[in-house]
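Undergrad: For reference, the structure I am asking about is given below.
What follows is calculated from the coordinates using simple rules that are stated; it is not laboratory data. None of the values given here were measured: they were computed from a predicted structure. Heads up, the Cβs are rebuilt from the backbone with ideal geometry, glycines too, and the neighbour counts pull from every protein chain shown.
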């Protein structure tokens with residue numbers, strides 16, 4: 001059986017994953033972004049870039065379902081004048097395998113090192129933190145004993161604007177492309193004279209320019225350029241063998257219509273042993289004043305010292321981001337993921353949502369409200385200011401009656417009101433967790449508007465109350481359970497409740513969870529409304545236990561016909577994971593039922609890659625349940641090992657004090673768990689996938705939808721908060737580990753409210769959980785809550801688990 005080392009390796013000291021064989025089963029991807037300009041980067045140089053919105057602000061093209069896969073990309077071609085041989089340091093698109101090659105995916109940047117025919121190339125791709133520009137810092141060395149005469153070609157295929165319109169209307173849309181050489185800066189400048197905004201497949205016409213320009217420039221002297229894709233590629237050819245590179249002559253074509261590209265030709269002669277360093281820049285600027293700003297930016301990044309400084313700033317920012325929390329435990333794999341890859345992935349999901357990836361087109365769904373409310377739990381550890389801004393942004397996507405957009409497009413302030421029952425319930429979670437981390441109570445008084453422009457703004461805390469009120473008062477059944485409507489967290493349970501009668505037990509638990517969290521915050525604030533919120537929580541707890549206990553686990557719900565879902569009476573979909581873990585998380589399950597429900601889940605759902613989302617998988621279509629029954633058994637929501645619910649089950653196990661179980665499932669869920677061959681697993685071994693195919697399908701172990709999944713942030717918090725056991729509380733930092741009994745000692749370094757806590761935890765009695773004895777800077781602390789140190793500084797903590 002081949003594990004991931006067939007294609008690469010972790011370099012934990014260097015904080016990178018090194019791909020050593022480019023012939024991976026799928027493109028293995030990274031992200032580089034400053035939060036506005038974003039580049040998706042595969043190890044083979046594929047991917048695309050966009051500005052702010054991947055739908056309205058797409059910069060370059062990338063073709064989903066392309067054959068060959070992963071085309072096009074942002075490529076550097078190297079042509080040897082003496083032989084005419086052409087190759088790429090990224091291996092693709094020419095497909096010439098260099099004599100030595102590696103690709104390092106790092107935090108917010110990617111680097112290739114390749115050597116072929118006596119030429120060594122180091123290429124690092126990243127995005128400047130301040131300016132919206134992608135930079136390629138390239139060093140080329142002639143390692144041969146004779147002179148090397150080279151021609152270098154930097155090339156990208158441009159899209160310029162609305163990616164959905166480009167996909168469905170490209171033959172017409174290309175009539176508005178504009179690429180020309182700006183003589184003042186020496187850069188190719190591209191834009192579009194027609195811009196579709198917030199539009200689907202319609203013939204309705206708008207009358208607007210794309211409000212941006214794109215520029216492409218090099219710090220090396222440029223002999224020729226090309227703006228026409230047709231002229232660069234040539235007829236009946238592809239990126240693999242572009243006619244212009246083969247002929248060693250770009251055509252200096254400026255276009256006012258046609259498919260656009262940006263290509264630069266740069267002759268380079270190197271004596272034996274000589275090296276050259278240069279930079280390619282691909283940037284975006286507002287159209288209105290580009291003639292002033294673009295030449296200034298081009299000049300800045302033609303200076304290699306400035307490019308090096310930009311790269312160093314990216315590295316420094318990465319180190320600062322990751323320093324918010326670091327652990328050292330007996331489990332090297334947990335350390336690797338919690339210290340780097342979970343954090344990197346959680347940052348990406350916060351910035352990108354589910355709207356731009358190799359498995360998400362960025363064309364239809366925008367930023368998910370539910371997703372964003374969870375994604376912020378990652379940056380909250382280290383960039384709380386980002387989270388504060390996002391909270392206010394999301395609260396403004398709420399209607400005055402309390403319901404919210406299910407998804408929205410930040411660049412256009414539009415969205416979709418899908419009617420999912422759970423969507424409003426995530427806002428309370430997000431707000432409470434932000435306040436719990438920061439103690440920033442001022443945010444609760446921030447005035448935020450509603451979707452309706454005529455509605456008077458209200459404090460953020462009022463938005464929280466309206467979210468809870470909407471579901472509790474308007475979206476419950478006569479029995480008091482939350483209504484399914486067109487779906488809940490499990491979107492393809494989408495025909496259980498369209499008739500207005502189906503009940504979601506998980507949604508009822510989510511409502512109880514929100515009520516419990518808000519009650520905890522109100523109690524800390526001394527707000528008298530806590531009594532009413534607690535009363536509602538108790539009511540939800542009562543009705544869930546009265547109507548939803550199925551003897552050994554909790555039901556998933558009922559449909560409009562009153563038929564049970566997730567019951568021992570069901571032939572398929574008999575037990576669902578979420579209602580067992582959320583019975584614990586929400587606090588609605590009495591202890592005996594909590595333990596029985598989780599025991600049933602472990603017994604019936606467990607696989608070598610973690611527990612399945614449900615079992616048995618559905619094998620036939622049930623129109624009264626929904627799309628989930630149309631999914632093939634064992635994949636996606638129909639019985640896969642879906643990592644998001646897996647992460648909640650880890651949390652539930654830890655809440656019950658089962659440290660061995662929590663740690664075991666965490667390890668099963670890791671992407672490099674070598675249960676199956678890496679060629680079966682297929683996707684990146686360094687980030688979580690949305691799901692792994694379960695044994696209910698012949699392709700058990702095959703994973704899909706990597707990077708943009710909420711599982712990363714929850715696994716991060718599982719590892720830090722619940723297993724290692726250092727998590728925020730309103731009154732300070734709580735130390736409450738739940739570990740395998742074999743763990744003897746571990747450390748957690750954690751930034752919290754302006755101070756740094758270096759916490760060393762010992763477990764001399766081999767416990768999973770116990771009473772915690774604390775000292776803070778040498779002084780005993782009563783209980784297991786570290787009081788916040790408002791003066792900042794570094795504080796040393798010793799913690800001992802005792803019976």
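Undergrad: Set the Förster distance to 30 Å, then compute FRET efficiency between residue 64 and residue 393 from the Cβ-Cβ distance, nearest 0.05. Intermediate results must be reported in sequence, preceding the final value.
TA: Working: r = 28 Å, r/R0 = 0.94.
After rounding, the FRET efficiency stands at 0.60.
Undergrad: In region 186-327, if every C-alpha pair distance is counted and binned at 5 Å from zero, what percent goes to each bin?
TA: P(r) over region 186-327, rounded to whole percents: 2, 8, 13, 14, 16, 14, 13, 9, 6, 3, 1, 0, 0.
Undergrad: I'd like the orientation of helix 505-525 relative to the chain: the angle between its Cα long axis and the longest Cα principal axis, in ° from 0 to 90, rounded to 10.
TA: Approximately 80 degrees, to the nearest ten.
Undergrad: Considering Cα pairs under 8 angstrom that are at least six residues apart, work out the relative contact order of region 724-802 and quote it in whole percent. Present the calculation step by step, with values, prior to reporting the outcome.
TA: Working: 186 pairs, mean separation 27.2, N = 79.
Relative CO of region 724-802 lands at 34 percent.
Undergrad: Taking the 0 to 90 degree range and rounding to the nearest ten, how far is the long axis of helix 659-669 tilted relative to the main principal axis of the chain, both from C-alpha atoms?
TA: Around 30 degrees separate the two axes.
Undergrad: Distance from the Cα centre of region 90-146 to that of region 5-37, in angstrom?
TA: 13
Undergrad: Is the C-alpha gyration tensor of region 9-113 telling us rounded, prolate or oblate? Criteria: a/c under 1.5 is rounded; beyond that, a/b larger than b/c is prolate, otherwise oblate.
TA: On the way: a/c = 1.85, a/b = 1.20, b/c = 1.53.
Here region 9-113 falls in the oblate category.
Undergrad: Counting only Cα atoms, I'd like the Rg/Rh figure for region 465-521, Kirkwood definition for Rh.
TA: Working: Rg = 11.4 Å, Rh = 11.5 Å.
Rg/Rh: 0.99.
Undergrad: Let me have the relative contact order for region 409-544, percent, based on Cα pairs under 8 Å that are six or more residues apart. Walk me through the numbers on the way to the answer.
TA: Details: 181 pairs, mean separation 32.5, N = 136.
Averaging sequence separation for qualifying contacts and normalising by length gives 24 percent for region 409-544.
Undergrad: Return 123, 475, 174 ranked ascending by Cβ neighbour count within 10 Å, so the fewest neighbours appear first. Kindly include the intermediate steps, with their values, before the conclusion.
TA: On the way: 123 21, 475 24, 174 17.
With the sparsest Cβ surroundings first, the list reads 174, 123, 475.
Undergrad: To the nearest 500 deg cm²/dmol, what mean residue ellipticity at 222 nm is calculated for the chain from DSSP H runs of n ≥ 4 alone, each contributing -39,500 (n - 2.57), summed and divided by the residues? It would help to have the intermediate numbers written out before the result.
TA: Working: 19 runs with 212 residues, N = 803.
It lands at -8000 deg cm²/dmol.
Undergrad: Got a sec? How would 606, 509 order by Cβ neighbour count within 10 Å, fewest to most? Please list the in-between numbers first.
TA: Working: 606 18, 509 29.
Least to most surrounded, the residues fall as 606, 509.
Undergrad: Which shape class, rounded, prolate or oblate, goes with region 154-240 when its Cα gyration tensor gives a ≥ b ≥ c as root eigenvalues, a/c under 1.5 marks rounded, and past that a/b bigger than b/c marks prolate?
TA: Details: a/c = 2.82, a/b = 1.53, b/c = 1.84.
Taking the square roots of the gyration eigenvalues as a ≥ b ≥ c, region 154-240 is oblate.
Undergrad: Here's another thing I want to ask about it. May I ask you to sort 301, 369 by Cβ crowding, counting other Cβ atoms within 10 Å and putting the fewest first? Display every interim value, and only then the final one.
TA: Numbers: 301 22, 369 26.
Ranked by crowding around the Cβ, least crowded first: 301, 369.
Undergrad: Another one. Output the antiparallel fraction of DSSP beta bridges having both residues in region 724-802, as a percent to the nearest 5.
TA: Working: 23 of 30 bridges.
Bridges in region 724-802 that DSSP calls antiparallel: roughly 75 percent.
Undergrad: Related question: Would you mind putting 206-212, 429-435 in packing order, based on average other-beta-carbon counts within 10 Å, highest first? Working shown, then result.
TA: Numbers: 206-212: 14.9, 429-435: 22.9.
Top of the packing list down: 429-435, 206-212.
Undergrad: Roughly what would the spin-label model give for residue 238 and residue 168, points 7 Å off Cα along C-beta, in nm?
TA: 2.7
Undergrad: For Cα pairs less than 8 Å apart in space and 6+ apart in sequence, what is the mean separation divided by the residue count of the chain, i.e. the relative contact order in percent?
TA: Values: 1943 pairs, mean separation 73.5, N = 803.
Dividing the mean separation by the residue count of the chain yields 9 percent.
Undergrad: Provide the gained length on full extension for the span residue 332 to residue 385, in nm with one decimal, where the gain is 0.36 nm per separating residue minus the Cα-Cα distance.
TA: Details: separation 53, 0.36 × 53 = 19.08 nm, distance 3.09 nm.
Gain in length upon complete extension: 16.0 nm.
Undergrad: Using only Cα atoms, tell me the angle between helix 530-547 and the longest principal axis of the chain; keep it within 0 to 90° and round to the nearest 10.
TA: 80
Undergrad: At 0.692 mPa s and 37 °C, plugging the Kirkwood radius over alpha-carbon pairs of region 24-321 into Stokes-Einstein gives what diffusion coefficient in µm²/s?
TA: On the way: Rh = 19.3 Å.
In µm²/s, the coefficient is 171.
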